[in-house]
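**Student:** Encoded as structure tokens, here's the structure I'll be asking about.
The values are calculated or read from the model by the stated rules, or taken from the named source; none is laboratory data. Since this is a predicted model, take the numbers as computed values, not measurements. Reconstructed Cβ throughout: ideal geometry from the backbone, glycine too, with neighbour counts over all protein chains shown.
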Amino acid sequence: MLILGLTGSIGMGKSTVADHLRERGVPVLDADAVVHDLYRGAAAARIGEAFPGVVREGTVDREALSRALVGHPERLAELEAIVHPLVREAERDFLLRAERAGAPIAVLEIPLLFETGGDALVDATLVVSAPPAVQRERVLARPGMSEAKFTRLVANQMPDEEKRARADFVVDTSRAKEETFAQVDAIMESLRGRQGSAIERWRARE
């Protein structure tokens with residue numbers, strides 16, 4: 001089985017591409033969705049101990065957690081030390097299930113793939129990208145988003161130019177969806193029949 005890492009900065013179209021892959025029958029795990037589940041379950045108590053006041057009725061209040069981190073960048077590492085091992089465990093379980101099911105390709109959708117060293121755990125990387133003006137317009141259209149929050153989020157991510165330089169494949173999502181999907185389909189076709197080795201590294205994490 002080949003493992004493909006799907007990534008890209010905020011507002012670049014990761015979810016759109018991931019949904020298209022799912023429609024094609026490709027198993028995709030959304031790391032952000034895993035984190036949301038952890039905030040409602042396994043990680044909530046430990047986060048509440050580390051960041052008093054951010055857990056309400058057993059669920060991490062993401063806005064409260066965000067406020068707790070503002071001005072304290074050193075505490076982000078503390079949060080990651082709680083969450084990242086649990087995310088990796090969920091990713092491993094997903095990949096082993098996909099392999100047992102006979103999937104030729106499985107996709108890990110990870111916003112901070114390069115930033116967290118996740119590219120060492122996949123066989124190939126696909127970066128979704130769009131011009132800065134398109135990215136900004138998309139993100140600022142989201143409910144609750146502000147210029148300040150957008151600037152802060154972008155500052156915490158690797159520059160798009162660097163991600164594109166490190167990627168095996170780049171998809172331009174600024175075009176019509178049909179064109180975006182055609183790019184994705186061509187990439188998936190090029191990967192057909194390729195056997196990856198990254199799954200061995202995941203097995204070794206037992």
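**Student:** I need every pair where a residue in the stretch 39-56 that is under 15 Å from GLU89 (Cβ atoms) has its Cβ under 9 Å from the Cβ of a residue that is in a strand (DSSP E or B), sequence separation at least 6 or different chains.
**Tutor:** Close Cβ pairs satisfying both conditions: GLY41/THR59; ALA43/VAL60.
**Student:** Looking only at the stretch 111-120, filter to residues that are in contact (Cβ under 8 Å) with a residue 24 or more places away in the chain and either assigned by TED's automatic domain parsing to the domain that holds GLY5 or part of a loop (DSSP other than H, G, I, E, B) (or both); which one of those is surrounded by the most Cβ atoms within 10 Å (Cβ to Cβ)?
**Tutor:** LEU113
**Student:** Give me the residue from the stretch 187-206 that is out of contact with any helix residue (DSSP H, G or I) (no Cβ under 8 Å at 6 or more places or on another chain) and within 16 Å of THR125 (Cβ to Cβ) and, out of that set, surrounded by the fewest Cβ atoms within 10 Å (Cβ to Cβ).
**Tutor:** SER197
**Student:** Looking at the stretch 151-169, can you tell me whether even one residue there is within 14 Å of GLY11 (Cα to Cα), more than 19 Å from the chain's Cα centre (by Cα), surrounded by 13 or more Cβ atoms within 10 Å (Cβ to Cβ) and not hydrophobic (A, V, I, L, M, F, W, C)?
**Tutor:** Scanning the stretch 151-169, I find no residue that is within 14 Å of GLY11 (Cα to Cα), more than 19 Å from the chain's Cα centre (by Cα), surrounded by 13 or more Cβ atoms within 10 Å (Cβ to Cβ) and not hydrophobic (A, V, I, L, M, F, W, C), so the answer is no.
**Student:** Let me ask another. Take PHE181 and tell me if it is outside the structural domain of GLY8 (by TED's automatic domain parsing) and within 16 Å of MET12 (Cβ to Cβ). Before you say what the answer is, go through the steps one by one.
**Tutor:** On the way: outside the structural domain of GLY8 (by TED's automatic domain parsing): no; within 16 Å of MET12 (Cβ to Cβ): yes.
No, not satisfied.
**Student:** Separate question: Working carefully through the options ALA98, ALA124, ALA68, find the one that is at pLDDT 95 or above, over 17 Å from the mean Cα position of the chain (by Cα) and either among the charged types (D, E, K, R) or on the phi < 0 side of the Ramachandran plot (or both).
**Tutor:** Numbers: ALA124 fails: over 17 Å from the mean Cα position of the chain (by Cα); ALA68 fails: at pLDDT 95 or above.
Residue meeting the stated conditions: ALA98.
**Student:** Give the residues of the stretch 45-63 that are under 21 Å from PRO111 (Cβ atoms) and part of a helix (DSSP H, G or I), sorted by residue number.
**Tutor:** The answer is ILE47, ARG62, GLU63.
**Student:** Let me ask something additional. Exactly one condition in (1) assigned to a helix (DSSP H, G or I); (2) out of contact with any helix residue (DSSP H, G or I) (no Cβ under 7 Å at 6 or more places or on another chain); (3) more than 16 Å from ILE3 (Cα to Cα); (4) among the hydrophobic types (A, V, I, L, M, F, W, C) is false for MET158; which is it?
**Tutor:** Every condition holds for MET158 apart from (1).
**Student:** Sort out which residues of the stretch 76-88 are modelled with pLDDT under 90 and either surrounded by 11 or more Cβ atoms within 10 Å (Cβ to Cβ) or within 12 Å of ILE47 (Cβ to Cβ) (or both), and write them in order of number. Give the steps one after another, and end with the answer.
**Tutor:** Initially, the stretch 76-88 is screened for residues modelled with pLDDT under 90, giving 76-77.
If the condition is that a residue be modelled with pLDDT under 90 and either surrounded by 11 or more Cβ atoms within 10 Å (Cβ to Cβ) or within 12 Å of ILE47 (Cβ to Cβ) (or both), then LEU76 is the only one that fits.
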